[in-house]
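Trainee: Structure below; questions to follow.
The values are calculated or read from the model by the stated rules, or taken from the named source; none is laboratory data. All values reported here derive from a predicted model rather than from experimental measurement. Reconstructed Cβ throughout: ideal geometry from the backbone, glycine too, with neighbour counts over all protein chains shown.
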Amino acid sequence: MSFSPPYSPFLYIYTYCNRAFKKLKINDGAGALRDCDEANRIIPDSYQAYSIRANYKLKIMDYAGAIEDSKKSLEIHKGFHDAYFPMGEAEYELQNYRKAIHDLTKTIKWDPKSAEAYYYEGLQKLD
């Protein structure tokens, strides 16, 4: 695929990632995964695509895959705090409670209104 003004590869990345996120919302995980892979084909190492893939893998209970994709997203863009929540939830499901609390605390630091992060953090303190 070639790009010419006014279109840039980043516009395509945004479009694929946005579409993938919406497909996750309607439970089209396979379609979301295809869009994430296409975003990474256009621009290798799209941190947004890895983050969306992590959420998809979380939904299908591929916890190790969710952690791997979250870490890859953070490796590419260290300031991308949205990657911490799926990683924390996956660590919780794998009973890696210390790692989960670490990741969920980072989520709460960046998004103090994240009810899900507080929920999982609280569950771990009960265990």
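Trainee: Scan segment 12-47 residue by residue and report those that are charged (D, E, K, R) and modelled with pLDDT of 85 or more.
Mentor: Arg19, Lys22, Lys23, Lys25, Asp28, Arg34, Asp35, Asp37, Glu38, Arg41, listed by residue number.
Trainee: Output the helices (runs of 4 or more DSSP H) that fall wholly within segment 83-127 and possess 1 or more residues being surrounded by fewer than 17 Cβ atoms within 10 Å (Cβ to Cβ), modelled with pLDDT of 85 or more and among the charged types (D, E, K, R), or say none. Before the answer, list the steps.
Mentor: Values: elements: 84-93, 97-110, 115-126.
Correct list: 84-93, 97-110.
Trainee: Within the bounds of segment 13-31, is there any residue that is of a type outside the set (Gly, Ala, Ser), out of contact with any strand residue (DSSP E or B) (no Cβ under 6 Å at 6 or more places or on another chain), farther than 30 Å from Tyr97 by Cβ and part of a loop (DSSP other than H, G, I, E, B)? Full working, then the answer.
Mentor: First pass over segment 13-31, keeping only residues of a type outside the set (Gly, Ala, Ser): 13-19, 21-28.
Still in the running and out of contact with any strand residue (DSSP E or B) (no Cβ under 6 Å at 6 or more places or on another chain): 13-19, 21-28.
If we keep only those that are farther than 30 Å from Tyr97 by Cβ too, we end up with 13-19, 22-23, 26, 28.
With the extra rule that they be part of a loop (DSSP other than H, G, I, E, B), the set shrinks to 26, 28.
Yes, because at least one residue in segment 13-31 is of a type outside the set (Gly, Ala, Ser), out of contact with any strand residue (DSSP E or B) (no Cβ under 6 Å at 6 or more places or on another chain), farther than 30 Å from Tyr97 by Cβ and part of a loop (DSSP other than H, G, I, E, B).
Trainee: Looking only at segment 22-63, which residues are charged (D, E, K, R) and in contact with a Leu (Cβ under 8 Å, 6 or more places away or on another chain)?
Mentor: Restricting attention to segment 22-63, the residues satisfying the condition of being charged (D, E, K, R) are 22-23, 25, 28, 34-35, 37-38, 41, 45, 53, 57, 59, 62.
Residues satisfying the conditions are Arg53, Lys59.
Trainee: I'm checking my understanding of the structure. Among residues of segment 56-82 that are part of a helix (DSSP H, G or I), of a type in the set (Asp, Glu) and at pLDDT 90 or above, which one is nearest to Asp37 (Cα to Cα)?
Mentor: Let us first name the residues in segment 56-82 that are part of a helix (DSSP H, G or I), namely 56-59, 63-76, 81-82.
Adding the requirement that they be of a type in the set (Asp, Glu) leaves 68-69, 75, 82.
Going one step further and asking which of them are at pLDDT 90 or above, we end up with 68-69, 75.
Working: Glu68: 15, Asp69: 12, Glu75: 18 Å.
Here the residue is Asp69.
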